[in-house]
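Okay, so here's the structure we're looking at.
The values are calculated or read from the model by the stated rules, or taken from the named source; none is laboratory data. Model, not experiment: these values are computed from the prediction. All Cβ positions, glycine included, derive from the backbone under ideal geometry; neighbour counts span all protein chains shown. The accessibility values were calculated without ligands, DNA or RNA, using every heavy atom of the protein model including side chains. Shrake-Rupley method; radii C 1.70, N 1.55, O 1.52, S 1.80 Å.
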Number of protein chains: 2
Amino acid sequence: MTRFALVGAVDFNEKVFRVEHYDVLIAVDAGYATLKSRGLTPDLVVGDFDSLGYVPETENILRFPHEKDESDMELAIAHACKADADEIVLYGCLSRRLDHTLANIQVMRSCAQSGVRIFGVGCGFVLTLLAGPCRIAWEAFDPAMLDAEEYGRYLSVFALGGPAQGVTERGLLYSLENAVLSDTASLGLSNEFTGAPAEVSVQQGDVVVIFSEDAWPTVCLP
Amino acid sequence: MTRFALVGAVDFNEKVFRVEHYDVLIAVDAGYATLKSRGLTPDLVVGDFDSLGYVPETENILRFPHEKDESDMELAIAHACKADADEIVLYGCLSRRLDHTLANIQVMRSCAQSGVRIFGVGCGFVLTLLAGPCRIAWEAFDPAMLDAEEYGRYLSVFALGGPAQGVTERGLLYSLENAVLSDTASLGLSNEFTGAPAEVSVQQGDVVVIFSEDAWPTVCLP
């Protein structure tokens with residue numbers, strides 16, 4: 001099990017970033033400054049360095065031209081996949097500009113389709129992509145630990161890239177059993193953790209799952 | 001040409017909201033408080049009023065139960081479509097929680113597929129959905145008018161719900177001509193207005209287009 005953390009430029013909650021959890025730490029462009037300011041040295045730096053404003057002086061660098069078809073984050077994810085990552089967690093890439101957020105979700109979907117577990121940590125929330133057949137699960141927990149001011153007990157599931165077939169949600173306030181989730185409706189918004197063991201699974205198609213950063217799941221791939 | 005403004009609970013930039021531009025003004029749940037605080041009376045109030053915390057005393061109200069399959073915004077959009085809206089603009093629904101933002105984008109896509117022009121105004125940006133064949137255009141303008149601190153000159157286009165075919169981007173820094181845009185890649189991120197007349201069009205499939213709130217387009221449907 002090889003875990004990669006990819007750190008981008010946007011703010012994220014320090015308490016959810018535990019560097020010791022990861023085997024490889026990659027700074028993506030201005031994410032380099034974020035890591036340095038915390039006294040952390042990445043194993044690799046990836047980017048065109050337009051956002052950072054300078055090219056880091058290190059041998060462990062993948063430098064790309066400014067004009068390219070892929071975002072720096074997409075290139076960093078591609079590198080992690082090639083390096084046989086089993087799990088990739090993105091920090092600092094989902095909480096500022098919506099255009100960048102949507103681009104990252106698109107690329108995360110591609111990554112999930114290739115069988116790599118992928119999470120994105122935003123401000124207050126975690127997002128993951130499941131490409132069917134796939135399942136994500138939570139053990140029983142005290143829902144009072146969830147920060148009600150932010151994403152609270154809510155968990156949302158949306159189909160992406162077409163309808164998702166065989167969607168099951170169990171142990172939550174509202175249950176779904178082998179349902180079809182449209183990708184042009186709001187059904188899937190604001191289900192709620194109850195504290196019971198919970199799971200979300202999809203048989204065919206892709207879903208994005210969003211929940212509080214305090215409710216990190218146990219993931220089970222098929 | 002009947003224009004509807006739907007106002008949700010989240011903050012938005014007052015300068016881009018010109019009530020006189022609209023034929024019908026709908027408050028969606030806590031958006032009622034937003035409008036009242038600005039001295040505006042909506043033509044209709046829609047919601048379960050969980051967010052608002054009380055039920056407005058008005059006859060022009062569509063009240064729904066809390067437990068339902070559609071979000072309040074989806075129900076308000078459905079009402080506007082039934083009432084023969086030609087254009088719907090959402091305010092206060094794209095800039096806080098990402099789960100709500102994604103749900104609203106899904107519903108906006110459905111609306112675009114039914115032939116209704118739909119825009120969402122966030123904090124600093126505007127987002128629209130094009131269901132092919134469809135075209136959006138901008139007249140020549142001075143790009144210095146765009147706020148570089150926010151979305152600046154950038155314009156992003158992403159396929160949703162599968163690849164988009166026949167995507168053309170003209171008058172921008174990077175051109176696309178009759179291209180296929182994948183919905184699992186970041187290509188489409190951060191094109192740039194140059195000030196020249198610009199356009200984005202798609203022949204088949206759906207795209208979301210995101211740009212500065214200062215760059216309101218002229219829209220041409222086929």
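Is it the case that segment A:153-165 has a residue that's among the hydrophobic types (A, V, I, L, M, F, W, C) and over 15 Å from B:Leu98 (Cα atoms)?
Yes, the conditions are met somewhere in segment A:153-165.
Quickly run through segment B:131-158 and pick out the residues that are closer than 18 Å to B:Tyr174 by Cβ, touching a helix residue (DSSP H, G or I) at 6+ places or on another chain (Cβ under 8 Å) and not in a loop (DSSP other than H, G, I, E, B).
Result: B:Tyr154, B:Ser156, B:Phe158.
Got at least one residue in segment A:81-93 being out of contact with any helix residue (DSSP H, G or I) (no Cβ under 8 Å at 6 or more places or on another chain) and within 14 Å of chain B (Cβ to nearest Cβ)?
No, because not a single residue in segment A:81-93 is out of contact with any helix residue (DSSP H, G or I) (no Cβ under 8 Å at 6 or more places or on another chain) and within 14 Å of chain B (Cβ to nearest Cβ).
Here is a check on your reading of the model: is A:Ala33 under 30 Å from B:Leu155 (Cβ atoms) and open to solvent by 30 Å² or more (accessible area, probe 1.4 Å)?
Judged against the criteria, A:Ala33 is a match.
Mind checking which residues of segment B:110-140 are open to solvent by 20 Å² or more (accessible area, probe 1.4 Å) and facing chain A (nearest Cβ under 8 Å)?
Listed by number, the residues that qualify are B:Ser110, B:Gln113.
If I filter segment B:7-21 for residues that are at pLDDT 90 or above, under 17 Å from the mean Cα position of the chain (by Cα) and buried (at least 24 other Cβ atoms within 10 Å of the Cβ), do I get at least one hit?
The answer is yes, given that some residue of segment B:7-21 is at pLDDT 90 or above, under 17 Å from the mean Cα position of the chain (by Cα) and buried (at least 24 other Cβ atoms within 10 Å of the Cβ).
Answer with yes or no whether A:Asp50 is charged (D, E, K, R) and either open to solvent by 40 Å² or more (accessible area, probe 1.4 Å) or not in a helix (DSSP H, G or I) (or both).
Spelling it out, A:Asp50 is indeed charged (D, E, K, R) and either open to solvent by 40 Å² or more (accessible area, probe 1.4 Å) or not in a helix (DSSP H, G or I) (or both).
Within segment A:144-162, work out how many residues are facing chain B (nearest Cβ under 9 Å) and either on the phi > 0 side of the Ramachandran plot or surrounded by fewer than 21 Cβ atoms within 10 Å (Cβ to Cβ) (or both).
Final tally of qualifying residues: 3.
Can you find, within segment A:177-191, the residue that is farthest from the other protein chains (Cβ to nearest Cβ) among those that are more than 22 Å from the chain's Cα centre (by Cα) and either basic (Lys, Arg) or more than 21 Å from B:Met108 (Cβ to Cβ) (or both)?
A:Asn178
Within the bounds of segment B:96-105, is there any residue that is under 25 Å from B:Thr168 (Cβ atoms), surrounded by 15 or more Cβ atoms within 10 Å (Cβ to Cβ) and either among the small types (Gly, Ala, Ser) or within 12 Å of chain A (Cβ to nearest Cβ) (or both)?
Looking through segment B:96-105, at least one residue is under 25 Å from B:Thr168 (Cβ atoms), surrounded by 15 or more Cβ atoms within 10 Å (Cβ to Cβ) and either among the small types (Gly, Ala, Ser) or within 12 Å of chain A (Cβ to nearest Cβ) (or both).
Residues that are surrounded by 20 or more Cβ atoms within 10 Å (Cβ to Cβ) and over 19 Å from A:Glu67 (Cβ atoms): does segment B:186-198 have at least one?
no
Scan segment B:163-176 for residues that are over 30 Å from A:Ala159 (Cα atoms) and either part of a strand (DSSP E or B) or more than 14 Å from chain A (Cβ to nearest Cβ) (or both) and report the count.
Final tally of qualifying residues: 3.
Looking only at segment A:58-73, decide whether some residue is part of a loop (DSSP other than H, G, I, E, B) and at positive phi.
Checked against the condition, which is being part of a loop (DSSP other than H, G, I, E, B) and at positive phi, segment A:58-73 yields no hits at all.
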